[in-house]
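Structure first, then comments.
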Amino acid sequence: MVCDRDRVAAVANALSHGPSCFTPSGNRHLKLEEMNGIIGKKVGMTSIFDESGRNIACTVVEAGPCVVTQVKTDETDGYSSLQLGFGEAKAKNTTQPMQGHYDKAKTTPKHKLVEFRNMDLDKNLGDTITVDEVFEEGDVCNGIGTSKGKGFQGVVKRHGFAGVNDATHGQHNRQRAPGSIGAASYPAKVFKGMRMAGRDGGRRVKVKNLRVVKIFAEKNLVLVKGAIPGHKGSIVILEK
């Protein structure tokens, strides 16, 4: 067991590394390393052949160009980061405070804003970041997107239940049924977190360790090996 003395020593050690060891809300976390990234739009999927002739399934992402809409520093905000904006949004659908936010960067309203902490790119407010400034072919990245919504689904599709798997021996219509969800008079309730039918999909999902196969800098396109969650045209985030 960890005693209070060890906890105090851990906090003191974190404080000695500076304010970047803490979130703005004061919660402890590990000191963040440099994390480069870019915002993009999922175009679709394709496949290419590598040098050995193998067919590789790839996700095509229109990554950037992104505009730096805010620059945070250790002196003013307690940590350093770059806020990037991607895609165009209508001015009539943008609130006045956000319009002023974009006016400071001398850019138009953006569809998506994402903050990347401790980026090693030296950029100023209003600068543009392209995909070839962040990634190179062969880099490993993480893909973040919102998975496709599946609607209300049963336990077999939602949680991978096997079902009865046998239509004989008196199993009339129980092949895809969830089965028992609780006991008798004790505990006389259904425990929280019980895997049951319900709404599935439509969640933020991160897929790690995807390899950048090809970059078309002139078209702002990047080919990533594997699948990134989301439908065609959805916003995705690539972080290095």
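Quick notes on this one:
- Residue tally, condition more than 15 Å from Phe152 (Cα to Cα) and touching a Gly at 6+ places or on another chain (Cβ under 9 Å), over region 180-208: 10
- Flag for Val213 being farther than 21 Å from Gly151 by Cα and surrounded by 11 or more Cβ atoms within 10 Å (Cβ to Cβ): yes
- Lys148 falls short on exactly one of the conditions (1) touching a His at 6+ places or on another chain (Cβ under 6 Å); (2) closer than 13 Å to Gly37 by Cβ, and that condition is (2).
- If you go through region 190-240 and keep only what is under 22 Å from Gly44 (Cα atoms) and aromatic (Phe, Trp, Tyr), you end up with just Phe216.
- Residue match in region 170-189 (condition: within 30 Å of Thr46 (Cα to Cα) and either surrounded by 14 or more Cβ atoms within 10 Å (Cβ to Cβ) or touching a Lys or Arg at 6+ places or on another chain (Cβ under 9 Å) (or both)): no
- Some residue of region 181-198 being of a type outside the set (A, V, I, L, M), closer than 30 Å to Cys66 by Cα and in contact with a His (Cβ under 7 Å, 6 or more places away or on another chain): no
- Total residues in region 51-66, condition in a loop (DSSP other than H, G, I, E, B), surrounded by fewer than 20 Cβ atoms within 10 Å (Cβ to Cβ) and in contact (Cβ under 8 Å) with a residue 40 or more places away in the chain: 1
- Restricting attention to region 77-122, the residues that are within 28 Å of Val60 (Cβ to Cβ), surrounded by fewer than 16 Cβ atoms within 10 Å (Cβ to Cβ) and modelled with pLDDT under 90 add up to 2.
The values are calculated or read from the model by the stated rules, or taken from the named source; none is laboratory data. Keep in mind that what you see is a predicted model, and the values were worked out from it rather than measured. FYI the Cβ positions are ideal-geometry reconstructions off the backbone, even for glycines, and counts take in every protein chain you see.
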